[in-house]
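Asks: My questions all concern the structure below.
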Amino acid sequence: TPPIQPFAITFGADNATLEPQGQVLTRRMSDLEGLFADADAWARAVADGDPVVYTVVSSPVPEVPRELPQSITTIQPGLTAGEFWMTKGHQHPDPQGEIYLGLAGHGGLLLFDGERAEWLDMSPGVIGYIPPGWAHRSVNVGDEPYKFLAVYPGSAGHDYGWVLEHGMGLRARRAADSGDLDLVPFG
Ligand code: F6R
Ligand code: ZN
């Protein structure tokens, strides 16, 4: 691929568009197999319309060494057996830092290094920093779409198997009584 030339991205914080835009990824419930605690509730949601859980719109910057790709993720509000809708979550095989910037809605950034789990509350204007070696998952804990911008090194790569194998340390649930966020040990 030819080198990327300098360019500006017009960044619509309200509708979370990137212009120019690269690839658009759509993750439906069926793409999230093995991630929610209640596998039966997950299967019912897949059978019942297989809703879109999140989309990822990328800038045209490719995921190759030395480049700095960006993307905007939009997670729809929703619950699967009390567990807030979320991204698959991943590790970067070549551990490097990444930043997220909250754009709209209310979410959380769940970080897990294999031993310790951390939760960063995310709302518009908040920058969440993901240190090298921490697996990360985003969660919509609100009633409207949660949107954030991610900026990450192009050589980082994405390992989704790690999360299936090790979990994320915590799960984000809506408490049945209060409706508040409840972070519970992974199980
Ligand atoms: C890139 C990054 C985000 C996520 C996106 C979707 O390194 O962390 O752009 O890729 O939020 O989440 P996953 O990739 O876990 O499905
Ligand atoms: Zn990442």
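The values are calculated or read from the model by the stated rules, or taken from the named source; none is laboratory data. Keep in mind it's a predicted model, so treat the numbers as computed, not measured. Here Cβ is always computed from backbone atoms with ideal geometry, including for glycine, and neighbour counts include all displayed protein chains. For accessibility, only protein heavy atoms count, side chains too; no ligands or nucleic acids. Shrake-Rupley method; radii C 1.70, N 1.55, O 1.52, S 1.80 Å.
Asks: Using amide H atoms built in the peptide plane, which far-off residues or other-chain residues are under 5 Å from GLN96 H to H?
Replies: GLY133
Asks: What list of ³J(HN,Hα) values in whole Hz, one per residue of region 29-41 in order, does the Karplus curve 6.51 cos²θ - 1.76 cosθ + 1.60 (θ = phi - 60°) give from phi, with Gly and Pro shown as x?
Replies: 3, 5, 7, 10, 4, x, 9, 7, 4, 9, 5, 5, 5
Asks: Taking the chain as a Gaussian network, Cα atoms linked when under 10 Å apart, which of GLY107, GLY125, GLY89 shows the biggest mean-square fluctuation?
Replies: Per the Cα network of the chain with a 10 Å cutoff, GLY125 tops the list.
Asks: Could you sort LEU68, LEU110, LEU25 by accessible area so the largest value comes first, with the probe set to 1.4 Å?
Replies: LEU68, LEU25, LEU110
Asks: Where does the chain land at 222 nm, in deg cm²/dmol rounded to the nearest 500, when only DSSP H runs of n ≥ 4 count, each adding -39500 (n - 2.57), divided by all residues?
Replies: -2000 deg cm²/dmol
Asks: Still on this model: Between ASP94 and ASP50, 0.36 nm times their residue separation minus their Cα-Cα distance comes to what?
Replies: Numbers: separation 44, 0.36 × 44 = 15.84 nm, distance 3.28 nm.
Additional length available on full extension: 12.6 nm.
Asks: Here is a follow-up. Given H placed on each backbone N at 1.01 Å, which residues far from ARG171 in sequence or on other chains put an amide H within less than 5 Å of it?
Replies: VAL184, PHE186
Asks: Counting only heavy atoms of the protein chains, get the accessible area per residue of the chain (1.4 Å probe) and round it to a whole Å² value. Show your work: numbers first, answer last.
Replies: Working: 9190 Å² over 187 residues.
The answer is 49 Å² per residue.
Asks: May I pose another question? For the charge dipole of region 21-185, defined by +1 on Lys and Arg C-beta atoms and -1 on Asp and Glu C-beta atoms about the Cα centroid, which residue among LEU111, THR87, THR26 has the Cα displaced farthest towards the positive pole?
Replies: Of LEU111, THR87, THR26, it is THR26.
Asks: Could you list the square roots of 5 times each eigenvalue of the Cα gyration tensor of the chain, that is, the equivalent ellipsoid semi-axes, sorted largest first and rounded to whole Å?
Replies: On the way: eigenvalues 144, 67, 51 Å².
Semi-axes, largest first: 27, 18, 16 Å.
Asks: Round to a whole number: what % of the accessible area of the chain belongs to carbon and sulfur, probe 1.4 Å? Present the calculation step by step, with values, prior to reporting the outcome.
Replies: Numbers: 4770 of 9190 Å².
That share works out to 52 percent.
Asks: Using 0.36 nm per residue of separation minus the Cα-Cα distance, give me the extension gain between THR10 and ALA43 in nm, one decimal.
Replies: Difference between extended and current length: 8.0 nm.
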